[in-house]
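See structure below.
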Amino acid sequence: MNLATWIQRHGRARPSDPALANGERVHASWAGLAATVAAGGGGLRQNLALSPGDRVAIVMHNRPEYLEAQFAIWHGGLVAVPVNARLHRDEIAYILNDSGAAVAITDVEHADDVESLIGEVASLQAVVVVGRGQQWEWLTASNPIPLVDRRPDDPAWLFYTSGTTGQPKGATLTHRNLLMQSLSYFADIDQVQSSDSVLHAAPLSHGSGMYGLPHVARGAVSVMPTSTGLDENEVAGLLGHWPGMSFFAAPTMVKRLADHDAFADADLDGLKTIIYGGAPMYLADLEHALTVFGPRLAQIYGQGETPMTITALSKADHGDRGHPRWSERLQSVGLARTDVEVRVVDDNDHELPAGEIGEVVVRGDVVMTGYWNRPDATADTLRNGWLHTGDVGSFDHDGYLTLRDRSKDLIISGGMNIYPREVEEALLRHPHVGAAAVVGRADEEWGEAVVAFVVADGTEAPPPGELDQVCLDHIARYKRPKEYRFVDTLPTNNYGKVLKRELRERLRVDGADS
Ligand code: AMP
C-alpha cells in the first residue's frame with residue numbers, strides 16, 4: 001500500500017473537484033494534482049536518478065507545492081523527510097545529514113541556507129527551489145511514472161522529533177503507520193466528506209501534516225493560508241469560504257484564535273473541528289475556547305513516534321457540560337485511540353491500576369518501527385514491543401488518561417514527586433499570570449527545589465505572596481515554588497513547546513556563578 005494511491009484514485013473519481021487551494025483560490029483539481037504527483041515522482045526518479053527508499057527532504061513553509069512534493073516523493077517510492085521550516089540552518093544540516101537526504105525541495109526563503117549545504121552534507125546531491133527559475137515546474141513536467149509499489153512496512157516519513165529533551169531523532173513512520181493514523185482519525189475524531197476542507201495553519205512537518213492525511217484519503221480539499229501560517233483574520237475569512245473546515249492547532253494557537261476579535265462574531269457554520277494537542281492546554285484557556293468556538297474542539301495526545309495517536313478527547317466529551325466530571329475530563333487527554341493499546345506502567349514495566357501514576361506506553365500498528373539509524377535509542381524506547389513515551393500520567397476508572405508530565409520534567413523535592421504541570425495550573429489561576437513554567441533547581445537541602453518562571457499578564461508582576469497563596473489554595477504545601485522568576489517570555493521550540501531544559505540550564509548556570 002502506497003499512500004499516494006489516494007491521489008490517483010481521486011484523480012479518476014473526481015477529476016475536476018478542488019484538491020489543493022491557496023487561500024480562496026483553487027491551486028489544483030484532483031486530476032491536476034494526480035498528474036503533477038506522477039510527473040514529480042518521475043522527475044525525482046529519472047531526472048535526479050533516485051532509487052526507491054532514497055530520502056528527499058522538504059524544507060518549506062506551508063504552500064500548495066508542499067503537498068505536491070510530499071505525494072510525488074511517495075509516488076516515486078521514496079521517503080519524505082519533512083523538516084520544520086523554522087529551524088536554524090545548522091539544525092537543518094543536522095537532519096539532512098542524519099537522514100542521508102539525497103535531494104532537498106525547498107522554497108526561496110530557505111534556498112540560500114539549503115543550497116549552502118551541498119558539499120557540507122555528504123548525501124545531498126541536488127536542491128530544487130520552488131518559486132525560483134521554474135525549477136519545480138521543470139521537475140513536475142517530467143515523464144510521469146506509474147505508482148511505485150510499497151510494502152506496508154516500507155518507510156514513508158522520517159519524523160524528526162522536536163527535541164524538547166535532546167538531539168532530534170528520526171522516527172521512522174511507514175505507510176502502514178500513516179494509514180493506521182488516518183483510519184483512526186475516522187474512528188475517534190471525525191468523519192470526513194469529499195465536500196470538506198482542511199486548513200494548514202500549523203506546520204505541515206508536524207501535526208497539521210499528519211491530520212491532513214485523512215482528509216486527502218477522503219478527497220477533501222487541502223487549503224494553504226496565503227500567509228503560510230496563522231493569521232487570525234485570514235482563518236476567519238477562509239472559514240466562510242471553504243465548507244466543513246477542520247484544522248490542527250497547538251494550544252497556543254487555539255488561545256490566540258479564541259482571544260482574537262475576528263472570531264467574536266464570526267459565522268462559525270463552516271467550522272467543523274479544531275484538533276488541538278502537542279502540548280498541555282490549560283483549563284481556563286480551554287473553557288474560553290469552548291465559549292468562542294462551541295463544542296468543535298477535539299484534543300489529541302500523541303507524539304512523532306506514534307504519529308499523533310495515543311488518546312483523544314472527543315468533541316462530544318468537550319460538549320458534555322452536564323457530566324459530573326466534565327472539568328476533570330477537560331484536563332485529561334481522553335480515551336485510548338481505537339487502533340492502540342495504552343498502559344501506564346511502573347519502572348519495571350508492570351501495568352499500574354487506575355489512579356496510579358507511571359509512564360505511558362503504547363502498542364499498535366501506528367507505532368514507528370524505530371529511530372532512523374539509532375538501534376540503541378530504538379531498543380531503549382521500544383522495549384518489549386511497547387513504545388515508552390517518556391510521558392507520565394494516570395488513568396481514571398473510566399479510562400480517561402491524565403498526563404502529569406514528561407518523566408524528565410518530574411521534580412523530586414525532599415523525596416516527594418512534584419509534577420510541574422499541577423503547579424503551573426495553580427499559578428495560572430492568578431489573574432495576572434499569563435504563562436508559567438515550573439522546573440527543578442539543584443538544592444542541597446531538598447535535592448531539588450521548585451522554581452517557577454512566570455510571565456505576568458499585564459504590566460505588573462504579581463507579588464510572590466499572592467502566588468504562594470494561589471498555590472496553597474489549590475495544591476499541597478510542599479509543591480509551592482521556593483522561588484519565582486519573572487520573565488518577559490518563556491523559551492519555546494519551533495512548535496511552541498516550552499523548553500524546560502533551557503530553563504533548567506539557566507538555573508544551573510546561575511547556581512554555578514553564585
Ligand atoms: P512531538 O513528538 O514533538 O509531537 O512531542 C510529543 C510530546 O508532546 C508528547 O510526548 C507529550 O509530552 C506532548 N503532548 C502531545 N500531545 C499532548 C497533549 N494533548 N497534552 C499534553 N502534552 C501533549
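The values are calculated or read from the model by the stated rules, or taken from the named source; none is laboratory data. All figures in this text were calculated on a predicted structure; none of them were measured in a lab. Note that we place each Cβ from the backbone using ideal geometry, even for glycine, and neighbour counts take in every protein chain shown. Only protein heavy atoms, including side chains, enter the accessible area calculation; ligands, DNA and RNA are left aside. Shrake-Rupley method; radii C 1.70, N 1.55, O 1.52, S 1.80 Å.
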Heavy-atom accessible area order for 107, 267, largest first, 1.4 Å probe: 267, 107
Residue order for 252, 5 - accessible surface, 1.4 angstrom probe, largest first: 252, 5
Reachable lysines from residue 272, criterion Cα separation under 21 angstrom, eight or more residues apart if same chain: 255, 315
The stretch 28-150 - percent relative contact order, Cα under 8 Å, separation 6 or more: 34
Solvent-accessible area of residue 206 with every protein chain in place, 1.4 Å probe, in Å² to the nearest 10: 20
Anisotropy class of the stretch 210-313 from Cα gyration tensor, a/c 1.5 cut: oblate
Selected from 394, 263, 244, residue furthest toward positive end of dipole (the chain; charges at beta carbon): 244
Surface share of carbon and sulfur [accessible, 1.4 angstrom probe, percent] for the chain: 47
GluC sites (Glu not before Pro), loop per DSSP, at most 10 other Cβ atoms within 10 Å - longest free stretch of the chain: 1-443
0 to 90° range, to nearest 10: angle between helix 64-75 axis and the chain longest Cα axis: 70
Two-decimal Rg to Rh for the stretch 143-300 - Kirkwood Rh, Cα set: 0.99
In degrees, nearest ten, helix 232-241 long axis to first principal axis of the chain (Cα): 50
Alpha-carbon Rg with Dmax, taken over the stretch 340-435, Å: 15.7, 48
The stretch 28-150 - charge dipole about Cα centre, Lys and Arg +1 at Cβ, Asp and Glu -1, debye rounded to 20: 340
Candidate residues 300, 475: accessible-area rank, largest first, probe 1.4 Å: 475, 300
Options 301, 74, 364, ranked by Cα towards positive dipole end of the chain, top entry (Cβ charges): 74
Debye intensity ratio I(q)/I(0), log10, the stretch 411-513, q values 0.17, 0.21 Å⁻¹ (C-alpha model): -0.75, -1.13
In the stretch 322-377, the trypsin sites (Lys or Arg not before Pro) that fall in loop regions by DSSP, at most 16 other Cβ within 10 Å: 325
Accessible surface, per residue, of the chain when the full set of protein chains is kept, probe 1.4 Å, Å²: 39
The chain - Rg (one decimal) and Dmax (whole number), Cα, Å: 23.1, 71
Equivalent ellipsoid, the stretch 28-150 (semi-axes from 5 times Cα gyration tensor eigenvalues, Å): 22, 16, 12
Size of electric dipole in the stretch 170-299: Cβ of Lys, Arg +1 and of Asp, Glu -1, about Cα centre, debye, nearest 20: 600
Folded to 0 to 90 degrees: helix 30-42 orientation relative to the chain principal axis, Cα: 80
Charge-dipole axis of the chain as Lys and Arg at +1 and Asp and Glu at -1 on Cβ define it, positive-most pick from 173, 377, 291: 173
Rounded Å value of the spacing that divides the Cα centres of the stretch 49-76 and the stretch 372-441: 34
Surface accessible to a 1.4 Å probe, residue 478 within the full protein complex, Å²: 90
Point-charge dipole on Cβ atoms (K/R +1, D/E -1) for the chain, about Cα centre, debye to 20: 1220
In the stretch 108-171, the trypsin sites (Lys or Arg not before Pro) that fall in loop regions by DSSP, at most 14 other Cβ within 10 Å: 132
